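Participant: Following this message is one structure expressed as structure tokens.
What follows draws every value from the coordinates through simple rules; no lab data is involved. What you see is a predicted model; the values in this text were computed from it and never measured. Glycine also receives a Cβ, built like all others from the backbone with ideal geometry; neighbour counts cover every protein chain displayed.
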Amino acid sequence: MPQNVQALLTVLEAQPVMPVVAVGSAAEAVDLSRALVEGGIRAIEITLRTPAALDAIRAVVAEVPEIVCGAGTVLSPKQFDDAEAAGAKFVVSPGATMEVLDAAKGSPAPLLPGAATPSELMAMLEEGYEVLKFFPAEQLGGAAYLKALAPVFPQVRFCPTGGVSPANVRDYLSLPNVVCVGGSWIAPKDAVAAGRFDEVTRLAREAAGLKA
């Protein structure tokens, strides 16, 4: 049975859009997190796609307590353990294996595992997971696919990520089985690299103001 489901829901429900970011340094992550907070965003998912990711999580947890920092793109038990040790408050995986689910058992950091097909959803329900990541959302059928799943799996809620943008975000947020979306457009790589954090704050404020 997953731990701290309510804690995870509290994080996901804190804003319509969860920033999903890959960072080049811990300092960059701190500046980015502060800009997001200024725009009204209360949580961030730092993906383990760069060598700086774990240091970035440590720095954000220590220096920007106003934001809840999680770890994304967690693919193995070791990565889960590393993310937890770095201080990640939640962990996100694009899919799910029994090994990763086992690593999550007893952890104070709740897991948001990924699932897409009906068989995967049934497997996650058997493990007690009703809050799931849906990735890559647009490539797997987008909002129309999630709408079709809703009457069959009414207890499941999703955080769709992948291809979600300002052009289609309202399509997702209008669905009863979507708790929030994951998006990278709030923190454009060029703006972050150039230090244009006022642009990040502006985009964050727009995202925080989105309503279903």
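Participant: Just rank 122, 18, 98, fewest to most, by other beta-carbon atoms within 10 angstrom.
Facilitator: The order, fewest Cβ neighbours first, is 98, 122, 18.
Participant: Taking every Cα atom in the chain, find the radius of gyration and the maximum pairwise distance Dmax, and write them in Å.
Facilitator: Expressed in Å, the Cα Rg and Dmax of the chain come to 15.9, 46.
Participant: For residue 167 and residue 10 in the same chain, what is the full-extension length gain: residue separation times 0.36 nm, less their Cα-Cα distance, in nm?
Facilitator: That works out to 53.9 nm of additional length.
Participant: Of 32, 75, 111, which has the largest mean-square fluctuation in a 10 Å C-alpha GNM of the chain?
Facilitator: 75
Participant: When the dipole is taken about the Cα centre of the chain, and only Lys, Arg (+1) and Asp, Glu (-1) are charged at their Cβ, what size is it in debye, to the nearest 20?
Facilitator: Approximately 420 debye in magnitude.
Participant: Hey, what's the per residue convex hull volume over the C-alpha atoms of the range 5-102, in cubic angstrom?
Facilitator: Spread over its residues, the Cα hull of the range 5-102 gives 87 Å³ apiece.
Participant: Students often get this wrong: which residues of the range 1-44 have the backbone nitrogen under 16 Å from the point 7 angstrom along Cα-to-C-beta of residue 189?
Facilitator: What the label zone holds, given the 16 Å backbone N cut-off, is 20-25, 29.
Participant: Also, quick follow-up: Under a plain spin-label model, where a point goes 7 Å from the Cα along Cα-to-Cβ, how far apart in nm are residue 97 and residue 119?
Facilitator: Result for the modelled spin labels: 1.8 nm.
Participant: Could you list 9, 203 in order of exposure, starting from the residue whose Cβ has the fewest other Cβ atoms within 10 Å?
Facilitator: 9, 203
Participant: I would also like to ask the following. Distance between the C-alpha centers of the range 103-123 and the range 14-81? Whole Å please.
Facilitator: 20 Å
Participant: Let me ask something additional. Using +1 at the Cβ of each Lys and Arg and -1 at the Cβ of each Asp and Glu in the chain, identify which of 7, 71, 172 lies farthest towards the dipole's positive end.
Facilitator: It is 172, whose Cα lies furthest towards the positive end.
Participant: In nm, what is the difference between 0.36 nm times the number of residues separating residue 127 and residue 198 and their Cα-Cα distance?
Facilitator: My answer for the length gained is 21.3 nm.
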